[in-house]
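Beneath this line is the structure, given in structure tokens, with notes to follow.
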């Protein structure tokens with residue numbers, strides 16, 4: 001099983017949203033700047049996250065996205081499945097046709113692993129991840145970096161627009 005960029009970025013963006021949840025709607029441009037994820041890619045991911053009811057959007061000035069539920073109620077497995085990511089280590093994807101249209105020798109092994117991965121991620125919420133000291137350190141570093149960029153642009157009389 002390999003978690004693709006889609007799943008990783010969805011979790012990263014949702015974690016960013018959870019960390020900044022107390023600031024009201026968060027723009028995708030802000031998430032893009034902090035997490036170095038393409039804005040157009042975030043737009044695609046958030047369309048799926050919104051469709052699955054994990055985030056709400058607010059349009060207009062000051063608009064952006066907010067979590068639809070508290071971070072303690074949003075499991076990592078829900079985020080990954082919302083963007084159509086599969087948590088399956090079986091080559092056959094559960095169809096039991098791994099080898100010549102039949103189950104292979106290791107089908108049960110990979111099936112058990114898939115179940116354990118799903119259970120693991122279903123029992124970890126955004127809040128659990130947010131509480132990690134490592135996550136807090138990274139979030140603080142990102143906050144300082146964004147402040148430095150904004151300060152630098154203001155000092156040069158430049159625009160605050162991100163590209």
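The values are calculated or read from the model by the stated rules, or taken from the named source; none is laboratory data. What you see is a predicted model, and the numbers here were worked out from it, not measured in a lab. All Cβ positions, even for glycine, are placed from backbone atoms using ideal geometry, and neighbour counts span all protein chains on display.
Go through the residues of the range 99-110 one by one and say whether even a single one is modelled with pLDDT of 80 or more and exposed (fewer than 11 other Cβ atoms within 10 Å of the Cβ).
Yes, the range 99-110 contains at least one residue that is modelled with pLDDT of 80 or more and exposed (fewer than 11 other Cβ atoms within 10 Å of the Cβ).
Consider residue 43 carefully, then state whether it is over 15 Å from residue 10 (Cα atoms) and either modelled with pLDDT of 90 or more or touching a strand residue (DSSP E or B) at 6+ places or on another chain (Cβ under 8 Å) (or both).
Answer is no for this residue.
Here are 10, 18, 72: which of them is touching a helix residue (DSSP H, G or I) at 6+ places or on another chain (Cβ under 8 Å), touching a residue at least 60 places away in the same chain (Cβ under 8 Å) and either surrounded by fewer than 15 Cβ atoms within 10 Å (Cβ to Cβ) or within 30 Å of residue 112 (Cβ to Cβ) (or both)? Before the answer, list the steps.
On the way: 18 fails: either surrounded by fewer than 15 Cβ atoms within 10 Å (Cβ to Cβ) or within 30 Å of residue 112 (Cβ to Cβ) (or both); 72 fails: touching a residue at least 60 places away in the same chain (Cβ under 8 Å).
None of the others qualify; the one that does is 10.
Going by the conditions given, is residue 55 crowded, with 19+ Cβ neighbours inside 10 Å, within 27 Å of residue 110 (Cβ to Cβ) and modelled with pLDDT of 95 or more? Quick ask: steps written out before the conclusion?
Details: crowded, with 19+ Cβ neighbours inside 10 Å: yes; within 27 Å of residue 110 (Cβ to Cβ): no; modelled with pLDDT of 95 or more: yes.
Considered against the rule, which asks whether it is crowded, with 19+ Cβ neighbours inside 10 Å, within 27 Å of residue 110 (Cβ to Cβ) and modelled with pLDDT of 95 or more, residue 55 comes out as no.
For the range 33-47, give me each residue that is under 12 Å from the mean Cα position of the chain (by Cα) and crowded, with 18+ Cβ neighbours inside 10 Å.
Residues satisfying the conditions are 37, 42, 45, 46.
For the list (1) at pLDDT 75 or above; (2) outside any loop (DSSP other than H, G, I, E, B); (3) over 25 Å from the mean Cα position of the chain (by Cα), I need the number of the one condition that residue 153 fails.
Residue 153 satisfies all of (1) at pLDDT 75 or above; (2) outside any loop (DSSP other than H, G, I, E, B); (3) over 25 Å from the mean Cα position of the chain (by Cα) except (1).
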